[in-house]
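Got a structure here, written out as C-alpha cells. Questions coming.
The values are calculated or read from the model by the stated rules, or taken from the named source; none is laboratory data. Note that the structure is a prediction, hence the values are computed from the model and not measured. No Cβ is skipped: glycine too gets one built from the backbone with ideal geometry, and neighbour counts run over all protein chains shown. Areas reflect the complete protein model, heavy atoms only, side chains present, ligands, DNA and RNA absent. Shrake-Rupley method; radii C 1.70, N 1.55, O 1.52, S 1.80 Å.
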Amino acid sequence: MGSLRFVPAEGEWTVLAAWPTVVTLDAGAGDEVVQAVWNALSTPNASIESVVSSIPIRTAAAEASFSVVRFRAEGAEDDTVDPAIPPSAWTATVVARGAAAVDLHSVGGTRRFGSGGMQPWALAEFSSVVAIATGGLAPVPESVLHLPTDARRLDHGIARASRVLWATSVGLFVPEGAATGPDPDTADGETVLRPRMQTAPTAGPLEPAAEAAEAGAAAAESLDPASGTESDAGPEPAPEFELRVGDGEPIALTGAVVIGRSPRIRRSSSAAEQLLVTVDSPSQKVSANHVEIARTGRTVVVTDLRSTNGTTVRLPGQPALRLRQGDSVVASVSAIVEIGDGNVIHISSRDRGNSGITL
C-alpha cells in the first residue's frame, strides 16, 4: 500500500520491504542477518515482535543500528485493508536503535524518532501518518519528502539504499530541486494535492527521545486531520498492563520490573521506576538479575539480563521464543515468560483481560 521508494547506494543501509512492514538495517549487517530478518518478514501473519526479535543486537556494532516501521490503517484493529478503498492515513509503530532514525509526516507536522541512546532500543506509536523517511536523513526533519531523480520503486524485496521514502500517495513526493507546493505531475500519473506540512520541534537536549516521541504522538492524535485543530475526542488512552509472578498478586506495570533470585536496581535501565521481585530457585536456575519486563509506549518489552539459563517467551499464536543472553522481545497484548525452576510470569493487558494463553 502507498508508494515506497529507495535511493540506490552501497555500504549504507539495507532496506527490506514486505507490507505492512519496512526494515532498515545498517549495511554492515551480514548476509545471515539479512536472511534471518527476511525470513521473519516472509512468515505468514508476521508481527513486529517476531521481526524485531530476528535482529541480533548484542554482536557486532555494525549490526546494532536498525529501524522497523509497521503500518496499520487508521482506526483498524488489524492489518486488513480494502485495496479498493485505501486509507488516507496510517498508524505507524516504530522501533529504532543506534544511529537509525525515522522522520514521520502527518497533516499536523513532522517529527523525528530515534533511540536517543535507549537500550536495547526505543519504541513508539504514531497516528495520522501520511509519509515517512529513514536511512540517511537531513540534519533536521524536513517538512516535505524530496525525491532524488535516481530513486526507484520497491514494492516487495531487499535493496541497498542511502535513503528510504514512503508516502500514502506519490503526490506527496517533491522532485529534488523543485519548489514545494501542490505537484499534480507525478511519475505514476496520479494527481493529488499535497497537504500542508510543518516541521515540529525535535526533542531538547534534556528530553528523552522516547518520551518526546510519545508526547508528539499524543499531540498528533488530538488533532482533527481535516482541520488541524484539536478534536473533542482527545488522544486514545494508552493500554494498561499488569503482570503476575506465579500465583502472586497482579502487579501494575507502569515502569520496569526486575525479576530474579536476588534482584538489584539496574543503573543501565531506561525506566524511571524499577520494582524488584524475588523468586525462589532451589536449583539456582534463575539468575540473580534474570529478566526485566518494562512498559514502553503502548507495548511491553521483555529483556533477558544475560541470565545463565536463558528466558523463554510465549506470545499469542506463535511458537515459544528462546531469548539469548541480552536479547529482547516486544509484547503488544500478552505473553507468558518462563525463567526456570517453575517460575512463570503472566503479562496481560487490563483492557483485554488475561493473557488467554495456557501452558
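Only one residue in Glu142, Glu190, Glu176 is modelled with pLDDT under 50 and of a type in the set (Asp, Glu), so which one is that?
Only one candidate passes the filter, namely Glu190.
Are any residues in the range 229-259 at pLDDT 80 or above and on the phi > 0 side of the Ramachandran plot, and if so, which ones?
Gly246 - this is the single residue of the range 229-259 that is at pLDDT 80 or above and on the phi > 0 side of the Ramachandran plot.
Right, something else. Out of Val140, Val102, Val164, Val129, which single residue is assigned to a loop (DSSP other than H, G, I, E, B) and of a type in the set (Val, Ile, Thr)?
Answer to the selection: Val140.
Test Leu275 against the stated conditions and say whether it is of a type in the set (A, V, I, L, M), assigned to a strand (DSSP E or B), in contact with a strand residue (DSSP E or B) (Cβ under 8 Å, 6 or more places away or on another chain) and open to solvent by 50 Å² or more (accessible area, probe 1.4 Å).
yes
Tell me the residue from Ser65, Ser42 that is at pLDDT 85 or above, of a type in the set (Ser, Thr, Tyr) and either surrounded by 14 or more Cβ atoms within 10 Å (Cβ to Cβ) or touching an Asp or Glu at 6+ places or on another chain (Cβ under 7 Å) (or both), please. Show your work before the answer.
Numbers: Ser42 fails: either surrounded by 14 or more Cβ atoms within 10 Å (Cβ to Cβ) or touching an Asp or Glu at 6+ places or on another chain (Cβ under 7 Å) (or both).
Just one listed residue meets the conditions, Ser65.
Looking at the range 1-36, which of the residues that are of a type in the set (D, E, K, R) and part of a strand (DSSP E or B) is surrounded by the fewest Cβ atoms within 10 Å (Cβ to Cβ)?
The selected residue is Glu10.
Counting residues that are among the acidic types (Asp, Glu), which strands (runs of 3 or more DSSP E) fully inside the range 288-354 reach at least 1? Please lay out each step first, then the result.
Working: elements: 291-296, 299-304, 311-314, 321-323, 328-331, 335-340, 343-349.
Per the criteria, 291-296, 299-304, 335-340.
Which of the residues belonging to the range 310-319 are surrounded by fewer than 16 Cβ atoms within 10 Å (Cβ to Cβ) and over 19 Å from Pro56 (Cβ atoms)?
The answer is Pro316, Gly317.
Take the residues of the range 68-99 that are assigned to a strand (DSSP E or B), at pLDDT below 90 and open to solvent by 20 Å² or more (accessible area, probe 1.4 Å): which is farthest from Thr21 (Cα to Cα)?
Arg97
Next question. Limited to the range 45-54, what total is found for residues that are open to solvent by less than 10 Å² (accessible area, probe 1.4 Å) and over 25 Å from Ala151 (Cβ atoms)?
Final tally of qualifying residues: 1.
Here is a further query. Would you call Thr110 farther than 25 Å from Gly157 by Cα and either over 12 Å from the mean Cα position of the chain (by Cα) or at pLDDT 85 or above (or both)?
yes
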